[in-house]
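Taking it in order: structure first as structure tokens, then the write-up.
Only the coordinates and a few stated rules stand behind these numbers; no lab work does. Just so you know, these numbers come straight off a predicted model, no measurement behind them. Note that each Cβ is placed from the backbone with ideal geometry, even for glycine, and that neighbours are counted across all protein chains shown.
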């Protein structure tokens with residue numbers, strides 16, 4: 001039988017990788033290279049490796065050679081090679097070793113992995129805090145030793161609302177999902193715990209009168225916070241997105257607010273149209289530079305709220321208000337979902353449909369500075 005040789009071959013089936021080193025006769029695959037120099041260097045490395053292994057094989061005792069041949073024959077019945085079996089065994093042993101990892105060790109690994117994945121600082125911080133609380137009770141335990149029953153009992157023992165308990169469950173689920181993906185465990189135990197029942201209540205929104213009073217109070221008392229309030233109410237940007245927004249991304253001439261991918265929760269860029277009434281609120285700030293949210297914004301907002309006399313401040317009220325009144329005005333859930341940065345209109349339509357009346361929506365999109373309200377174009381007309 002002709003002895004196989006290592007040669008660099010021309011490869012004509014790829015526009016960049018022009019050279020190939022065929023290692024299949026030696027129990028390996030093919031390697032491809034952009035330059036002949038790289039291919040020749042690898043050929044020399046493989047040749048040296050084969051010669052060294054050949055010398056080592058000569059010095060092997062007969063019983064080791066016999067074991068090798070026996071193993072090779074047994075594996076051949078399953079279509080496996082010695083290398084296949086070796087990689088499988090190492091992977092199996094590595095999984096056993098990793099099964100000894102503790103909950104605290106894995107939590108640190110998960111947080112770092114999510115950070116490298118580009119998740120937001122808010123997400124990372126919330127994940128870290130939730131896992132830290134879980135580690136207080138389970139930190140020294142091996143990951144494989146934590147079962148669904150005790151996780152379920154631990155979740156029920158938390159002194160918090162069902163919504164907060166659901167948040168803990170979700171974050172702990174991230175931890176064990178990571179372990180499952182790395183084959184440390186067979187199945188995520190959190191999936192077998194009870195989901196807290198959450199009351200499906202409609203989102204809270206501002207009334208037309210409340211929002212008009214809020215914006216007018218901001219214009220009188222702390223005009224520097226007026227843009228962030230108006231942008232939230234009439235574009236639906238998330239609070240975190242507004243905090244990252246710069247005036248360079250508010251284009252009054254072309255009539256849109258740009259949410260860059262790096263600043264969006266969904267990590268996708270989107271353009272939200274500036275409605276006519278929002279343009280009037282922002283007109284005095286046309287030449288402003290820097291961040292939209294001013295320094296000490298929280299303190300200034302408290303003063304505005306106190307001056308307005310609002311008895312309540314709906315959670316995410318500005319964004320919820322935009323979604324409700326916008327949908328009622330245009331009846332186009334896909335468009336509104338796109339402006340909000342949602343991937344699907346399904347949740348939007350089921351949550352905000354018929355939350356406000358059409359006549360209320362018309363008034364909402366006429367909210368403008370008091371001395372200019374008579375000049376605003378109604379939303380339906382736009």
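Once you have the Kirkwood Rh of the range 3-161 from its Cα pairs, apply Stokes-Einstein at 20 °C and 1.002 mPa s and quote D in µm²/s.
My calculation gives 100 µm²/s for D.
Could you run the Debye sum over the Cα atoms of the range 208-375, one equal point scatterer each and no solvent, and tell me log10 of I(q)/I(0) at q = 0.15 Å⁻¹, two decimals?
-0.82
What list of whole percents do you get for P(r) of the range 228-298, with Cα-Cα distances grouped in 5 Å bins up to the one holding the largest distance?
For the range 228-298, the pair-distance distribution reads 3, 17, 31, 28, 15, 5, 0.
Just to be sure I understand, if you calculate Rg/Rh (Cα atoms, Kirkwood Rh) for this structure, which of [x] 1.17; [y] 0.97; [z] 1.13 do you get?
Given [x] 1.17; [y] 0.97; [z] 1.13, the calculated one carries the label [x].
For n ≥ 4 DSSP H runs only, could you compute -39500 (n - 2.57) per run for the chain, divide by its residues and tell me the 222 nm figure to the nearest 500? All intermediate terms of the calculation are to be shown ahead of the outcome.
Working: 16 runs with 201 residues, N = 382.
Result for the chain: -16500 deg cm²/dmol, rounded to the nearest 500.
Can you order the peptides 233-239, 313-319 by their average number of other Cβ atoms within 10 Å per residue, highest first?
On the way: 233-239: 23.7, 313-319: 17.4.
With the highest mean Cβ count within 10 Å placed first, the list reads 233-239, 313-319.
Mind sorting 70, 288 by how few other Cβ atoms lie within 10 Å of their own Cβ, fewest first? Walk me through the numbers on the way to the answer.
Values: 70 10, 288 16.
By the 10 Å Cβ count, ascending, the order reads 70, 288.
Taking only Cα atoms, what is the 0 to 90° angle, nearest 10, from helix 121-138's long axis to the longest principal axis of the chain?
Helix 121-138 sits at roughly 60 degrees to that axis.
Mind sorting 86, 193 by how few other Cβ atoms lie within 10 Å of their own Cβ, fewest first?
Lowest to highest Cβ neighbour count: 86, 193.
Could you give the angle, 0 to 90 degrees to the nearest 10, between helix 226-235's Cα long axis and the longest principal axis of the Cα atoms of the chain?
Roughly 70 degrees between the two axes.
For the range 8-56, state the average projected area of the convex hull of the C-alpha atoms over all orientations, rounded to one decimal in nm².
Dividing the Cα hull surface by four gives the mean projection, 3.3 nm².
Helix 82-98: angle to the longest alpha-carbon principal axis of the chain, degrees 0 to 90, nearest 10?
Roughly 50 degrees, rounded to the nearest 10.
Would you look at the GNM of the chain, springs on alpha carbons closer than 10 Å, and say which of 310, 282, 50 moves the most?
Most flexible of the set in this elastic network: 50.
Do you know the relative contact order of the range 8-56, to the nearest whole percent, from alpha carbon pairs under 8 angstrom that are 6+ apart?
Relative contact order here is 27 percent.
Calculate the all-directions average of the projected area of the range 123-199's alpha-carbon convex hull, and give it in nm².
Details: hull surface 20.6 nm².
About 5.2 nm², averaged over all directions.
Build a GNM of the chain with springs between Cα atoms under 10 Å: which of 56, 204, 360 gets the top mean-square fluctuation?
56
Give the shape of the range 83-137 as rounded, prolate or oblate, defined through the alpha-carbon gyration tensor: a ≥ b ≥ c are the square roots of its eigenvalues, a/c under 1.5 means rounded, and otherwise the shape is prolate if a/b is larger than b/c and oblate if not.
The shape class here is oblate.
What full-extension length gain, to one decimal in nm, is calculated for residue 343 and residue 136 as 0.36 nm per residue of separation minus the Cα-Cα distance?
70.9 nm
Take the chain, connect every pair of alpha-carbon atoms lying under 10 Å apart with a spring to form a Gaussian network, then pick out the residue of 25, 345, 284 with the largest mean-square fluctuation.
25
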